[in-house]
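Values quoted throughout were computed directly from the atomic coordinates according to the rules given, and no laboratory measurement underlies them. The structure presented is a predicted model; accordingly, all values stated were derived computationally and were not measured. When we count neighbours, we look across all protein chains shown, and the Cβ atoms used for this are built from the backbone with ideal geometry, even at glycine.
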Amino acid sequence: MSQSLEETTSPAPGAPEGRTPVVDVQQVTAGYLPGIDILTDTNLQAYDGELIGIIGPNGAGKSTLLKAIFGLVKVRKGAIRLRGEEITNLKANQLVAKGVGLVPQTENVFPTLTIQENLEMGAYQRPAAVRESLEFVLDIFPALKDRLGQVAGSLSGGERQMVAMSRALMMRPDVMLLDEPSAGLSPVRQDDAFIRVSSINQAGVTTIMVEQNARRCLQICDRAYVLDQGRDAHTGPGRELLHDKKVIGLYLGTLGQDTGTDTH
């Protein structure tokens, strides 16, 4: 059964025991403006190979948490560690070099460049590995193979997102941070987005995903965190949270009543 984080100790419910998290967010307080905290004492752990979901109401701090991990929002208190090494407030380029990738929700491709040029930009810190990285990425997303010369600005929203994910994968990250990959997409394209997320995770990349489609997110993730007013209010295995009456009542509403098995 899912539990409040305030009542538990590490590891979180459903998390592997006796292992060091790949990403460990401990008691983080962060915000964009001085004196205004968006996150307050927030915790999150992600272990090797896990797919972690972050859900919650609008304004709960979900995207802010990803940005804090990626060094884009100032952490005022607490610590963020990557495989035991503290990375709190490191710059984004330093985090990319350490194996962390971010796919933002919007403005996530260079529209005037071709797909191949976008991908090559993703490997700017490892130019000698471009060919190897291209093979890795195109193996995950083979639909791009015959379209490398197409200008990214001519793509649909879902296609742009696939290019953005691919570009972030060019550095062969250990951890991928995804900010609302299904946002703005039709229901069919949303399913495509979640398939892509699963493909990234199945390729061995630890994945942390913020998502507004809470039901679908809980169906595919190993574990999930529910944020509310900048705090991690609940955590547990995704499928358990999907059936948790308190989570349904507070965060999922009628979405939580449809728990079909259309997933993976």
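Listing Ser156, Ser182, Ser63 from fewest to most neighbouring C-beta atoms within 10 Å gives Ser156, Ser63, Ser182. Quick note on the chain: its Rg to Rh ratio, both from C-alpha atoms and Rh being the Kirkwood radius, is 0.96.
Here the ratio of the Cα radius of gyration of the range 1-139 to 2.2 N^0.38 Å is 1.19.
This ranking places Met165, Met209 by how few other beta-carbon atoms lie within 10 Å of each, fewest first, which gives Met165, Met209.
Under the simplified labelling scheme, the Ile195-Asp48 pair shows an inter-label distance of 3.0 nm, with each label point 7 Å from Cα along Cα→Cβ. Within the range 1-110, which GluC sites (Glu not before Pro) sit in a loop by DSSP and count at most 15 neighbouring Cβ atoms inside 10 Å? The qualifying sites are Glu17, Glu107.
Legend: Rg and Dmax of the range 114-264, from Cα coordinates, 16.9, 52 Å.
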